[in-house]
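Shown next, in structure tokens, is the structure this report addresses.
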Amino acid sequence: MKVLHVITGLGIGGAEQQLRLLLRHLPVESRVVTLTNPGPVAAGIEADGTPVTHLGMTGNRDVGALPRLARVVRQGGYDLVHTHLYRACVYGRPAARLAGVRRIIATEHSLGEAQIEGRPLSAGTRALYLASERLGTSTVAVSSSVARRLADWGVPPARIRVVPNGIETARFAFDARARRLVRGVLGVPRDAYVVGGVGRLVPGKRFDRLVRAVAAVPEAWLLLVGEGDRREELLRVARECGAAGRVLLTGACEDPPTVTSLGPSLPELLSAMDVFVSTSPDETFGLAVVEALAAGLPALYVACPAVDDLPPEAAPGARRIGGSVPELISALRGVRDARLARLPVPRAALRYDIARSAGQLMSLYDQAVHGGTPSPVK
């Protein structure tokens, strides 16, 4: 089977890195087209052995990208086209049809209650999405929450399939040696209480509240992994709270790493933490929380469909909390006082292993290309 994946861009981000992980586990001949920004994840995908083509799209209204993309699809002789992220779905589905490919699967990675991929929802956004959705075979939601939102948006429920995001669970196992080394490199005391967070440094993640909460727990350090336009603002908040020396921003961390990656890997950084906190109030999955659980960390979260969609016993180390600064302070002090040992890997982390997600997606591919009923996933 030959599959073409079309994605809006390949900078460091959740959907982009999720595509790279899937490609490492899908038993098909794949190629990737990125409409814009062939960033670090593109280099990682190519290092893994999958070719990447940059379409050179200049903006949302670059309609010339449509025939260019259709030409790529036609020349490749693909059995199926799989699109990822809003712009790639809107352009990729009609391009596939123009090229004569009728088997089209789209994954919706980031549809929140009031935003899609960080942008406010609008009537025009919805209308354009639904118009192109009708050209596809099915739409994949990365969580049950996203599936419900798609149905509420107007996508026929019979066309929606849930294939959750996944991680390479074994890579996140706690490493005591990495913990010592990372703390040494970052200048963190060996016995410090380290609070961690992972994500883009943007307003929606509400990391400013986490900075203020950590500042109010004098023995706590904060290790934030990510990059974004609020970096300087977060450092300013830390200075104003008198915690500048205890707030560390490591920058973006490509995961999986490539041979050119510098600095500690994400699993190593998680090993250096004592508790993980997700302050975002609107998540479509909550992959960072799952990664933290796989590393044996207690995980506090404001929103995480990946955990909420499972029974409580699947993730005993995860706890939903309020997102205000006083509530965060109380939760951080509670974990500190409990002096929790590293936790065993919970069922949730095993359930969301990327090999399992790739198997579910492969079942959808087989159904689309060969017909029949998808194989049950155990």
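In table form, for the structure just shown:
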{"quantity": "Spacing of the two label points (7 Å from each Cα toward its C-beta) at Cys241 and Ala341, in nm", "calculated": "3.2"}
{"quantity": "Between helix 123-133 and the chain: long-axis angle, C-alpha atoms, 0 to 90°, nearest 10", "calculated": "60"}
{"quantity": "40 Å tail of the calculated P(r), the chain, as % of Cα pairs", "calculated": "15"}
{"quantity": "Electrostatic dipole magnitude of segment 165-291 [Cβ: Lys, Arg +1; Asp, Glu -1; Cα centre; debye, to 20]", "calculated": "360"}
{"quantity": "Glu327-Val369 FRET efficiency (beta carbon distance; Förster radius 56 Å; 0.05 resolution)", "calculated": "0.70"}
{"quantity": "Burial order of peptide ranges 178-184, 217-223, 71-77 (average beta-carbon count within 10 Å, highest first)", "calculated": "217-223, 178-184, 71-77"}
{"quantity": "Carbon/sulfur fraction of accessible area - segment 71-139, other protein chains in place, 1.4 Å, %", "calculated": "51"}
{"quantity": "For peptides 120-133, 87-100, sequence by mean Cβ density within 10 Å, most packed first", "calculated": "87-100, 120-133"}
{"quantity": "More than 17 angstrom apart: percent of Cα pairs within segment 236-307", "calculated": "55"}
{"quantity": "Helix 354-370 axis, angle to the chain major axis (alpha carbon atoms, nearest 10°)", "calculated": "10"}
{"quantity": "Where segment 253-331 is the region considered: accessible area per residue in Å², 1.4 Å probe", "calculated": "32"}
{"quantity": "5 angstrom amide H check on Leu222, placed H, neighbours 5+ away", "calculated": "Val195, Val247, Leu248"}
{"quantity": "Value of relative contact order over segment 1-103, rounded to a whole percent, pairs C-alpha under 8 Å and six or more apart", "calculated": "34"}
{"quantity": "With DNA, RNA and ligands ignored, accessible area of Glu168 (1.4 Å probe; Å², nearest 10)", "calculated": "20"}
{"quantity": "Mean separation of Cα contacts under 8 Å, 6 or more apart, over the residue count of the chain: relative contact order %", "calculated": "16"}
{"quantity": "Packing-based ranking, highest mean first, of 149-160, 246-257, 287-298 given that Cβ atoms within 10 Å are counted", "calculated": "287-298, 246-257, 149-160"}
{"quantity": "Debye, to nearest 20: dipole size of segment 18-160, +1 on Lys, Arg Cβ, -1 on Asp, Glu Cβ", "calculated": "400"}
{"quantity": "Tail beyond 15 Å, pair distance distribution of segment 77-139 (Cα, percent)", "calculated": "46"}
{"quantity": "Linear extension gain, Arg71 paired with Arg320, 0.36 nm per residue minus alpha-carbon span", "calculated": "84.8 nm"}
{"quantity": "Cut-off 20 Å, label 7 Å out along Cα→Cβ of Arg159, residues of segment 1-42 by amide N", "calculated": "4-8"}
{"quantity": "Prolate/oblate/rounded label for segment 1-149 (Cα gyration tensor, a/c 1.5)", "calculated": "rounded"}
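The values are calculated or read from the model by the stated rules, or taken from the named source; none is laboratory data. Because the structure is a prediction, the values reported are computed rather than measured. Please note: Cβ atoms are built from the backbone with ideal geometry, for glycine as well, and neighbour counts cover all protein chains shown. In case anyone asks, the SASA skips ligands and DNA or RNA and just uses the protein heavy atoms, side chains included. Shrake-Rupley method; radii C 1.70, N 1.55, O 1.52, S 1.80 Å.
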